[in-house]
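Heads up, the thing below is written out as structure tokens.
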Amino acid sequence: MVVEHGRVVEVASCEFVPAPAKALFVDFGAHTIAPGYIDLHIHGAAGFDVMDDSPEALVAIERLLAGRGVTSYLPTTVTAPMDATLRALERLADAIEARAASRANALETGNAAEAGSSFPSSSLNSSFAGRARPLGIHLEGPFISHARRGVHPTEHLLPPKSEIFERLWQAARGHIRMMTIAPELDGALELIAYASARGVRVSLGHSDANFETTARAISAGAGHATHTFNAMRPLGHRDPGIVGAVLTDDRVTCDFIADGIHLDPAIVKLIATAKGAERTVLITDAISATGMPDGRYRLGSMEVDVKNGRCESGGRLAGSVLTMDRAVRNLAKFAGWGLRESVAAASANPAAVLGDPNNKGELRTGADADFVVLDQNGNVVRTFIRGQEALA
């Protein structure tokens, strides 16, 4: 694979394609090169929440993510007071735009660390080098069901209205890429169509919807499902509900948390079998405790107790400490999939959900040079973001 200025120039065996003059040659031996992972649903890591008002938060989160193979992600909000949510969206928009501006400036000035070059050296010191890149924002709440809210604070849930969405959209300056919504709420179908027209990927979740209502939401523009089975009306053999609808509709991709806690391994296999290799998507739903010792942490404004990999608030599951590299290995184990299919669930498939199949999630000519180097067991050995190595 030939990489230049952060993009893939050519993918071919070096036995058949000569290396460009002055190119730096890197041999990964018997390891596998795979597309970088994309996490569509993550609240935090390394002791920080994405909604934190701290300049250290995203730096620490993005460095930890890169170390686990994640090259791109959607910082995900949790239901909170409206003013706190608006401030968080503004800060996340600032971060997204700062990254884009840095990249554009680097291309103009020839800064290799940010623009990307043929392979890195540890001396490159861009403030963004080696950090996972936010692609946009995932708005989880406030348009969710009281009955299936999980740990989202009930007092801050709001009805799905276009004027409320507009406030959020303006605060985020158009950077909302995904929104989770319960389709049974009054006004939800109209808001699904409204947000979809803005280019937002609408995801169904935290919902007590029946099969028919879910089907109408899918026809209105919802094409994804948030942490399938969790915080959803249970699947019944006479009442298939939202789970039955999203698992059987080929217009819908489904994400889920493969940590062995949120879902039994048999259910992971069921989702993978129902959705197939192209519509199965891994997420972590990770919180600030990820990569940290057991203890008490925060998810938005809530306190969460973490012990032995289980995150709880008020006796309810509250996110996870799952990392994407482990999710990939778990999917392979639980579903009996090969490494190729399991990696796609963390790379090509989430990229397709966002509508970025050509620039992210695949190693092809013209794509961003975001990739991981894996050993034979699927462990992440090295991570590269736009051709730059994410160094620990």
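The values are calculated or read from the model by the stated rules, or taken from the named source; none is laboratory data. From a predicted model like this one, the values you see are computed outputs, not experimental measurements. Cβ coordinates were reconstructed from backbone atoms using ideal geometry, including for glycine residues, and neighbour counts include every protein chain displayed.
So which of LEU263, LEU247 ends up being over 21 Å from HIS146 (Cβ atoms), part of a loop (DSSP other than H, G, I, E, B) and at pLDDT 95 or above?
Residue meeting the stated conditions: LEU263.
Would you tally the residues in the range 27-80 being touching a His at 6+ places or on another chain (Cβ under 8 Å), among the polar types (S, T, N, Q) and not in a loop (DSSP other than H, G, I, E, B)?
So the count comes out to 2.
Could you identify the single residue in ALA289, ALA332, ALA352 that is farther than 28 Å from ARG7 by Cβ and in a helix (DSSP H, G or I)?
Every option except ALA332 fails the conditions.
Take the range 375-389 and flag every residue that is in contact with an Asp or Glu (Cβ under 9 Å, 6 or more places away or on another chain) and either among the hydrophobic types (A, V, I, L, M, F, W, C) or in contact (Cβ under 8 Å) with a residue 60 or more places away in the chain (or both).
If the condition is that a residue be in contact with an Asp or Glu (Cβ under 9 Å, 6 or more places away or on another chain) and either among the hydrophobic types (A, V, I, L, M, F, W, C) or in contact (Cβ under 8 Å) with a residue 60 or more places away in the chain (or both), then VAL380, VAL381, ARG382, THR383, PHE384, ILE385, ARG386, GLY387, GLN388 are the ones that fit.
In the range 348-387, which residues are of a type in the set (Ser, Thr, Tyr) and within 17 Å of the chain's Cα centre (by Cα)? Don't jump to the end; show me each part of the working.
Step one: filter the range 348-387 for residues of a type in the set (Ser, Thr, Tyr), giving 365, 383.
Listed by number, the list holds a single entry, THR383.
Answer yes if at least one residue in the range 78-85 is surrounded by fewer than 15 Cβ atoms within 10 Å (Cβ to Cβ) and farther than 29 Å from HIS227 by Cα, and no otherwise.
no
Mind listing whichever residues of the range 57-107 are modelled with pLDDT of 95 or more and among the charged types (D, E, K, R)?
So in the range 57-107, the residues modelled with pLDDT of 95 or more come out as 57-97.
Scanning the range 57-107 gives GLU62, ARG63, ARG68, ASP83, ARG87, GLU90, ARG91, ASP94, GLU97.
Would the range 215-235 turn up any residue that is touching a strand residue (DSSP E or B) at 6+ places or on another chain (Cβ under 9 Å), surrounded by fewer than 24 Cβ atoms within 10 Å (Cβ to Cβ) and farther than 21 Å from HIS41 by Cβ?
yes
Residue by residue through the range 305-316, note down the ones that are part of a strand (DSSP E or B) and either of a type in the set (S, T, N, Q) or under 15 Å from ILE42 (Cα atoms) (or both).
Narrowing the range 305-316 to residues part of a strand (DSSP E or B): 305-307, 310-313, 316.
Selection gives CYS311, SER313.
Could we say that ALA351 is touching a Lys or Arg at 6+ places or on another chain (Cβ under 6 Å), closer than 19 Å to ASP250 by Cβ, of a type in the set (A, V, I, L, M, F, W, C) and crowded, with 24+ Cβ neighbours inside 10 Å here?
Judged against the criteria, ALA351 is a match.
Within the range 171-200, which residues are buried (at least 18 other Cβ atoms within 10 Å of the Cβ) and within 21 Å of MET51 (Cα to Cα)?
ALA171, ALA172, HIS175, ILE176, ARG177, MET178, MET179, THR180, ILE181, VAL200, listed by residue number.
Taking into account only those residues within the range 127-184 that are in contact with a helix residue (DSSP H, G or I) (Cβ under 6 Å, 6 or more places away or on another chain), among the aliphatic types (A, V, I, L, M) and in a loop (DSSP other than H, G, I, E, B), which is nearest to ALA66 (Cα to Cα)?
Here the residue is ALA132.
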